[in-house]
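Inspection log for the structure reproduced underneath, given as C-alpha cells.
The values are calculated or read from the model by the stated rules, or taken from the named source; none is laboratory data. On a predicted model such as this, the values are computed, not experimentally measured, just so you know. Positions of Cβ are generated from backbone atoms using ideal geometry, with glycine treated the same way; all protein chains shown enter the neighbour counts.
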C-alpha cells in the first residue's frame, strides 16, 4: 500500500522514536504490563504504515460494495438508507406483544423482531408439562395460527419486515407467518423478513434444539429451497454469533465459529442438491457488538472479508450477492450490569456505534434494565432513541467505512481474519462445525471463565461491579409477566383444540409424518396444517416421533 | 486434611438455555476444592432432585435466566424435603428481580446470587454455610 522509500523513512524515524518512548516510559510507566484485546492480539503503542507494509489495497480492501467487501456490502451504505432499527420484543400473550409492536412502530422503529417464549422455541404447546412457569416469560407464546393472527393484528405483513428468533421449529413458524399474511390479503411473494433457523449454535450454546443434527440440517435445506422459489425476499437463516459471544467467546471466536456454522449450512444445502447461488444471496448473519469498541469495528470488517472469500473461493459462488455478508447486530447483553443500570445506556450507545461503523444492516440496542428484567416501555424507547442519535445527529452515516484506512483498524482487521481462519481450519480438521460442537463449547467456556476471573481480580474494570460502586435503592417499575398469562394461554388452547375437526387434524398430521419419512420438502405440508390450526406442539410432536430428539453432551 | 470434600450439584431447571453462568460457577466451585456435578440443560425439578440424591450432594445450585424461578426453585426445595433431603443447601442465581427474593427465601432457598457477584463470594458462602 506504500512505496518502499516511504516505508524506509518511517522505519528509520520510528527507531529514533522508540528510544524516546523508552525514556518516557521510565518517567511515566504504563498503566498495565501489557495491552491486548480479548481475542489475544497484543496492542502496540501506535500503528503506522509499517504495520500494513505487506498489504495490497485492491486485494484486501477495495471499494464499498466490491469484493472482498471489507469496507461494506453496498457502495453508498447509510447515505442511501440507514440500517433497519429493529428492537427485539415479545412477552406474555399475543395481545400484549401486539401492543408493544405497535408502540415501537409508532416511535419510528422500521422493522419488527419477535421474541418467542421457550416452550414455543422448543416446539411444545403451552399445555405441555415442561411449559410450566415458562409461558410468555422470555417472549410471546404461540401455539397456533390463531395466536399469530392476534400477534400481527393491524400490522400489515406485506409492508413491514419481521425477524423471528425461532430456530428448531422455524419451518412451522414461517408457515404460520405465510398463512397469516395471506389471510391479511397479501401474496407470499410480498412478505419480507428473517427467521433465525440456525440450529448448530443452539447445540453449541443457546439450547433451544429439538431434533438431532441430520434431520435439522434437512429442515434447514427444505427452507432454503422453498423460500428461493416462493418467497424470494425472505432471509432464510440468520447465522448467529451473537449467542456464541454472549456465552463467553472472544471476538475472534465469535466470527470464526459463526462462519464455520455457515460453512456447514452451505455444505448441507449443496449436498441436498441446491445450487450455491440459489440460496447464497439470502443467507444473513447476526453478530454481537461488545465493549472493546475498535476491536468490534475490526471484527465486522474481518467477518465480511472472510465470508466473501469462503463463498467465492471455497464454494465457487458466482453471484456477487452470494459473496456478501449482510448482518444484524445486537449490543452485548452480557455487558449490562444490574448495578447502576443507567450506565448501561452509555455502554449500549458505544456498542451500537461500533456496529454502525462496522457497517451493520440492522440493529437492536439493549435497554438499560435488562440485567434486571424484561425491558419496560421507557427503557425500550431510550434504546431506540440511541440508534436515532447515531443515525441522525452525529454525522457518522455521511460516508461509508469512516474508520477504513486507520492503521490500527486495518491491522486489527488483518489479525482477526488470521485468528478466525486458524479456528476455521481447526474446525475443518475436526470434520466441520457439527462434529466440532464440543470443541467450540470448551473454547467458549474457557474464555467465559477467563473473562469472569479478569473481572474478579480487577484486571478488567466494570463500573458499578468492581469499581466506582455506590449504595443504590432497589429498582422500581420492572416489567413482570405473571402466571395468569400461562393459565389464560392454556385455556385458549383448550378451546381451540375443542373447536377443530379432529379427523382433519389427524389427516394433516399423517401427511406431515409421511413427508418426514420421505425426502419431500416439509414446508408445504406445514402450511397446509397450520391453516387448519394444527398446533406447533402437534407438528413438532410428529417430528420428534419420526426423528428422535437431540441429546446434549455435557461439556464443562 | 481428611476433611470431606463438599459435593455440589449445579443444575439448570426449566427450558432456559443460558448456561454460561452455571458453567462458570461450576468451574469456580471445582477450583475452590469442591466436587461438582453439572446436570446440563432442561432439567425438571424431579430430575434435579433425583440427581441430588443419587450424587449425595450437600448443595444444589440452580441458575435460571428465563423468569421461571418463582415456579421451579420452590418445587425443587419441596421435592428435596419430601424425599428426606431437606438438609441440602439450596442456592440460586440468574436474572432474579430483588422483589422476588423474599418469597424464594421463604420457600427455602438459602441465598440468591445476582448478576455481578464475584465467584469467590459464592465459594466462601458455601464453605461457611457447611462448616
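The set of residues in segment A:345-375 being under 19 Å from residue B:95 (Cβ atoms) and without any contact (Cβ under 8 Å) to a residue 40 or more places away in the chain consists of A:348, A:366, A:367, A:368, A:370, A:371. Hey, any hits in segment A:411-418 for a residue that's touching a strand residue (DSSP E or B) at 6+ places or on another chain (Cβ under 9 Å) and crowded, with 22+ Cβ neighbours inside 10 Å? Checked segment A:411-418: no residue is touching a strand residue (DSSP E or B) at 6+ places or on another chain (Cβ under 9 Å) and crowded, with 22+ Cβ neighbours inside 10 Å.
Considering only residues that are part of a loop (DSSP other than H, G, I, E, B) and under 22 Å from the mean Cα position of the chain (by Cα), look in segment A:119-129 and name the one that is farthest from the other protein chains (Cβ to nearest Cβ). So that I can check it myself, show each step before the final result.
Step one: of segment A:119-129, the residues part of a loop (DSSP other than H, G, I, E, B) are A:122-128.
If we keep only those that are under 22 Å from the mean Cα position of the chain (by Cα) too, we end up with A:122-123.
Numbers: A:122: 6, A:123: 11 Å.
Ranking the qualifying residues of segment A:119-129, first place goes to A:123.
Against the conditions (1) touching a helix residue (DSSP H, G or I) at 6+ places or on another chain (Cβ under 9 Å); (2) free of Cβ contacts under 8 Å to residues at least 24 places away in the same chain; (3) farther than 22 Å from residue A:324 by Cβ, residue A:6 satisfies every one except (2). Among what's in segment B:38-93 and is in contact (Cβ under 8 Å) with a residue 40 or more places away in the chain and more than 20 Å from residue B:17 (Cβ to Cβ), pick the residue that is surrounded by the most Cβ atoms within 10 Å (Cβ to Cβ). Checking each candidate, the answer is B:52. Among the residues of segment A:307-339, those that are surrounded by 23 or more Cβ atoms within 10 Å (Cβ to Cβ) and under 17 Å from residue A:420 (Cα atoms) comprise A:307, A:308, A:311, A:325.
Of the residues B:112, B:96, B:101, the single one that is within 11 Å of chain A (Cβ to nearest Cβ), in contact with a helix residue (DSSP H, G or I) (Cβ under 6 Å, 6 or more places away or on another chain) and either outside any loop (DSSP other than H, G, I, E, B) or touching a residue at least 24 places away in the same chain (Cβ under 8 Å) (or both) is B:96. Only a single item in (1) within 19 Å of residue A:111 (Cα to Cα); (2) surrounded by 21 or more Cβ atoms within 10 Å (Cβ to Cβ) is not met by residue A:223, and it is number (1). Taking the criterion of being away from chain A (no Cβ under 14 Å), more than 14 Å from the chain's Cα centre (by Cα), under 23 Å from residue B:130 (Cα atoms) and outside any helix (DSSP H, G or I), would at least one residue in segment B:74-83 satisfy it? Looking through segment B:74-83, at least one residue is away from chain A (no Cβ under 14 Å), more than 14 Å from the chain's Cα centre (by Cα), under 23 Å from residue B:130 (Cα atoms) and outside any helix (DSSP H, G or I). Here residue A:395 passes the criteria (1) under 30 Å from residue A:91 (Cβ atoms); (2) loosely packed, with under 15 Cβ neighbours inside 10 Å; (3) away from every other protein chain (no Cβ under 13 Å) except the one numbered (1). All conditions but one from (1) in contact with a strand residue (DSSP E or B) (Cβ under 9 Å, 6 or more places away or on another chain); (2) closer than 21 Å to residue A:194 by Cβ apply to residue A:308; the one that does not is (1). Here residue A:132 passes the criteria (1) away from chain B (no Cβ under 12 Å); (2) within 19 Å of residue B:12 (Cβ to Cβ) except the one numbered (1). Filtering segment B:35-59 to residues that are closer than 16 Å to residue B:85 by Cβ, outside any helix (DSSP H, G or I) and more than 13 Å from chain A (Cβ to nearest Cβ) leaves B:56, B:57, B:58, B:59.
Selection over segment A:67-98 of residues that are out of contact with any helix residue (DSSP H, G or I) (no Cβ under 9 Å at 6 or more places or on another chain), assigned to a helix (DSSP H, G or I) and crowded, with 17+ Cβ neighbours inside 10 Å gives a count of 1.
If you check residue A:147 against the conditions, is it crowded, with 24+ Cβ neighbours inside 10 Å, at pLDDT 95 or above and outside any loop (DSSP other than H, G, I, E, B)? Here the answer is yes, as residue A:147 does meet what is asked. When residue B:32 is evaluated against the numbered criteria (1) within 13 Å of chain A (Cβ to nearest Cβ); (2) surrounded by 22 or more Cβ atoms within 10 Å (Cβ to Cβ); (3) within 26 Å of residue A:338 (Cα to Cα); (4) touching a helix residue (DSSP H, G or I) at 6+ places or on another chain (Cβ under 6 Å), which criterion, by number, is the only one it fails? Every condition holds for residue B:32 apart from (2).
Which of the residues that make up segment B:115-131 are assigned to a helix (DSSP H, G or I) and within 11 Å of another protein chain (Cβ to nearest Cβ)? Step through it out loud before you land on a result.
Residues of segment B:115-131 assigned to a helix (DSSP H, G or I): B:119-130.
Within segment B:115-131, B:119, B:120, B:121, B:122, B:123 qualify.
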